[in-house]
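Notes to accompany the following structure.
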Amino acid sequence: MWFQWQLQANFIQSTWNCGTILANVFVIFNLVGQLAGCFMVLKRVQVQWACVLLGTIMILQTLAYEILWQASYLCRYLALAGGLVLVLAESKEETKRSIFAGIPSLDSNKPKTYLQLTGRVLLVLMFLSLLRFEMAPLQIIQNVVGTILVLLIAVGFKTKLTALLLVVWLTVFNFMFNAWWYANGAMRDYMKYDFFQTLSVIGGLLLVVALGPGGVSMDERKKAW
């Protein structure tokens, strides 16, 4: 955003006819807010407020850049929101524990449990933006394998392993199809945008690997059985 300051400000100004001052204020708020929010998360300082700040910026960007009407970009934004929800879930301390040590309690810490479920489901929306209904063998393999992995994550079956496999899958896909360093002109900007958004979703999936699926999942139910 720093290197495309004028481009971003001009886009906001021309799209919303809001004048130069408001357009630049919007860009400044986006830049400073994202840097501050990410810094707070990394330093573990007021993480919940950092998530609120980053979530507010995401909503503003969705409206300002008219992402609501672009299904592919909307799915990616929702996947990013899923990663943010997982960060929020990770910041919540365990408020309740089972009376019997070593026995899982599905009713403990319900807010965190449902945040993990929400984040997990939102993350898999990333895959919807990668679907291509083509008959090329490589594309068919990508669609089938990706669909299986995201469905397993959504229901919470073998979640950590599945999320790790999807991390590898998306990483390979990202470097193969979003190699923005080889592109020129406008295509370079689009590919760079896709590359770093996909990296953000990969980060969210790594949180799933670290935290597990939460209480609302097949993995947790299997423990109860």
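Values in this text are rule-based calculations from the coordinates and carry no lab data. Note that the coordinates shown come from a computational prediction; the quantities given were computed from them, not determined experimentally. Neighbour counts run over all protein chains shown; Cβ positions are idealised from the backbone, glycine included.
Convert each backbone phi in segment 164-172 into a coupling constant with the Karplus relation 6.51 cos²θ - 1.76 cosθ + 1.60 (shift: θ = phi - 60°), then list the ³J(HN,Hα) values in order as whole Hz, x for Gly and Pro.
Ordered by residue, 3J(HN,Hα) equals 5, 5, 5, 4, 4, 4, 5, 5, 4 Hz.
Roughly how large, in nm² to one decimal, is the mean projection of the convex hull of the alpha-carbon atoms in segment 1-62?
Mean projected area of the Cα convex hull: 4.2 nm².
Do the alpha carbons of any pairs in Lys160/Lys192; Lys43/Lys160; Lys92/Lys222; Lys158/Lys222; Lys43/Lys110 sit beyond 20 Å of each other, and which pairs?
Long pairs (Cα-Cα over 20 Å): Lys160/Lys192; Lys43/Lys160; Lys92/Lys222; Lys43/Lys110.
Gain in length, Lys43 to Ile28, computed as 0.36 nm per residue apart minus the alpha-carbon separation, to one decimal in nm?
3.2 nm
At 7 Å along the Cα-to-beta-carbon direction for both Phe195 and Ile148, put a label point, then send me their distance in nm to one decimal.
Simple spin-label model gives 3.1 nm for this pair.
Semi-axes, largest first, in whole Å: what does sqrt of 5 times each Cα gyration tensor eigenvalue give for the chain?
Values: eigenvalues 221, 118, 35 Å².
Equivalent ellipsoid of the chain: 33, 24, 13 Å, largest first.
Which order do the peptides 196-202, 43-49 come out in when sorted by mean C-beta neighbours inside 10 angstrom, highest first?
The packing order, highest mean first, is 196-202, 43-49.
Give the angle, between 0 and 90 degrees and rounded to the nearest 10, that separates the Cα long axis of helix 137-155 from the longest principal axis of the Cα atoms of the chain.
The angle comes out near 50 degrees.
Measure nothing fancy, just the Cα-based angle from helix 110-123's long axis to the longest principal axis of the chain, in degrees from 0 to 90, nearest 10.
50 degrees
Through the Karplus equation 6.51 cos²θ - 1.76 cosθ + 1.60, θ set to phi - 60°, convert the phi angles of segment 9-18 into ³J(HN,Hα) values in whole Hz; use x for Gly and Pro.
5, 5, 5, 4, 5, 6, 6, 10, 6, 9
Note the angle between two axes, namely the Cα long axis of helix 47-64 and the longest principal axis of the Cα atoms of the chain, as a number of degrees from 0 to 90, rounded to the nearest 10.
The two axes meet at around 50 degrees.
Considering the zone a paramagnetic label at Ala136 would reach in this model (a point 7 Å from Cα along the Cα-to-Cβ line), which residues of segment 151-190 have amide N under 14 Å from it?
Residues 173-174, 176-179 fall inside that zone.
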